[in-house]
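Undergrad: This is the structure I want to talk about, given as structure tokens.
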Amino acid sequence: MTREFSVRGSILRIVTVAVILFATGARSAETRIGRSVSHNRTVYDWKRYFEGDWRDVLGRVESTTTYAPSDNPPVEVAGVPFDVVRSSPVKTESTTRTIARPGDAEVGTTWIESVSRTADGQVVRTSFSLRQPRPEPIAIGPTDTGMEVRPPPREVEIGGKRFRVSSVSRTVSIDALLVVPTFADLLAGSAPRELRDPGARVETGSLRVVSASGEAIGFYAGDERTSRGEDFAEPIQ
């Protein structure tokens, strides 16, 4: 017997937190060195969640980030040239773990671990945590949540000089919902299909996916999103 009733209520608190941080502006000493576009695919492990203690859910994110030459001419910072196009595309794999149990002291907190590999051979590992203040609607189409992703900055040495490099990105659209037909399929970890119908959405307070007109389609296993980002560099004195 499935426990479909359990997908109601507070669970949707967790399904948009894969990569969200509070918006923070660039520091005045930073110089923008690149603009990027990322395509992100997230799949949640609902089977583990419902068969466990219902405290946390895992998500796995695969991302491809590109830097178009037309948007990214070489930039000099403190006399050192930065050319982000050389690193494009950047492939990233991330794992997220989010506390979802209602009333838990850490509810809404997400831990993120990622490994990025650039086209020019760099490997960047990142670990950080965040807390989402509230869930956001999940619907296919353009979106602007007003929040940004800002992982911890990293330090690099180029030409004998040290720099602090940071990035920030914002989701601009939800391109597809990853859907399984039944709640039993969700528990079984069945492979989802991509739904790209404009206006299709995750029903408020549920994992049910419905069409723009409200017709039931299936259950939410994850999504695909597009985000736009910027990279900055700051010399370290």
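Undergrad: Could you grab me the full set of residues in the stretch 139-152 that are modelled with pLDDT under 90 and either surrounded by fewer than 17 Cβ atoms within 10 Å (Cβ to Cβ) or in a loop (DSSP other than H, G, I, E, B) (or both)? Even if it seems obvious, please write down each step before you answer.
TA: First, the residues of the stretch 139-152 that are modelled with pLDDT under 90: 143-152.
Those that are modelled with pLDDT under 90 and either surrounded by fewer than 17 Cβ atoms within 10 Å (Cβ to Cβ) or in a loop (DSSP other than H, G, I, E, B) (or both): THR143, ASP144, THR145, GLY146, MET147, ARG150, PRO151, PRO152.
Undergrad: Quick check on my filter: what residues within the stretch 180-225 are outside any loop (DSSP other than H, G, I, E, B), in contact (Cβ under 8 Å) with a residue 40 or more places away in the chain, in contact with a Phe, Trp or Tyr (Cβ under 7 Å, 6 or more places away or on another chain) and not small (Gly, Ala, Ser)? If you could, list the steps in order and put the result at the bottom.
TA: Looking only at the stretch 180-225, we keep the residues that are outside any loop (DSSP other than H, G, I, E, B), and these are 180, 183-188, 193-195, 201-202, 208-210, 216-225.
With the extra rule that they be in contact (Cβ under 8 Å) with a residue 40 or more places away in the chain, the set shrinks to 180, 183-184, 186-188, 195, 201-202, 208, 219-225.
From what is left, the residues that are in contact with a Phe, Trp or Tyr (Cβ under 7 Å, 6 or more places away or on another chain) are 180, 183, 186-187, 202, 208, 219, 221-222.
The answer is VAL180, PHE183, LEU186, LEU187, VAL202, ARG208, PHE219.
Undergrad: Okay, next question. Return the residues of the stretch 222-237 that are among the polar types (S, T, N, Q) and either more than 30 Å from PRO73 (Cβ to Cβ) or surrounded by 15 or more Cβ atoms within 10 Å (Cβ to Cβ) (or both); say none if nothing qualifies. Let's see the steps before the verdict.
TA: Here is the first cut: in the stretch 222-237, the residues among the polar types (S, T, N, Q) are 226-227, 237.
Of everything in the stretch 222-237, those that are among the polar types (S, T, N, Q) and either more than 30 Å from PRO73 (Cβ to Cβ) or surrounded by 15 or more Cβ atoms within 10 Å (Cβ to Cβ) (or both) turn out to be THR226, SER227.
Undergrad: Within the stretch 101-138, track down each residue that is surrounded by 13 or more Cβ atoms within 10 Å (Cβ to Cβ), farther than 25 Å from THR204 by Cα and in contact with a helix residue (DSSP H, G or I) (Cβ under 8 Å, 6 or more places away or on another chain).
TA: Scanning the stretch 101-138 gives THR118, ALA119.
Undergrad: Specify which of the listed residues (VAL77, VAL61) is open to solvent by less than 20 Å² (accessible area, probe 1.4 Å), at pLDDT 85 or above, among the aliphatic types (A, V, I, L, M) and in contact with a Pro (Cβ under 7 Å, 6 or more places away or on another chain). Step through it out loud before you land on a result.
TA: Working: VAL61 fails: in contact with a Pro (Cβ under 7 Å, 6 or more places away or on another chain).
Checking each option against the conditions leaves just VAL77.
Undergrad: Quick one: would you say LYS161 is of a type outside the set (Asp, Glu), open to solvent by 60 Å² or more (accessible area, probe 1.4 Å) and within 16 Å of THR64 (Cα to Cα)? Give the steps one after another, and end with the answer.
TA: Values: of a type outside the set (Asp, Glu): yes; open to solvent by 60 Å² or more (accessible area, probe 1.4 Å): yes; within 16 Å of THR64 (Cα to Cα): no.
Judged against the criteria, LYS161 is not a match.
Undergrad: Looking at the stretch 171-221, which of its residues are out of contact with any strand residue (DSSP E or B) (no Cβ under 9 Å at 6 or more places or on another chain) and surrounded by 16 or more Cβ atoms within 10 Å (Cβ to Cβ)?
TA: Selection gives LEU187 alone.
The values are calculated or read from the model by the stated rules, or taken from the named source; none is laboratory data. If you're wondering where the values come from, they're calculated on a predicted model, not measured in any experiment. Heads up, the Cβs are rebuilt from the backbone with ideal geometry, glycines too, and the neighbour counts pull from every protein chain shown. These accessible areas exclude ligands, DNA and RNA; they are computed on the full protein's heavy atoms, side chains included. Shrake-Rupley method; radii C 1.70, N 1.55, O 1.52, S 1.80 Å.
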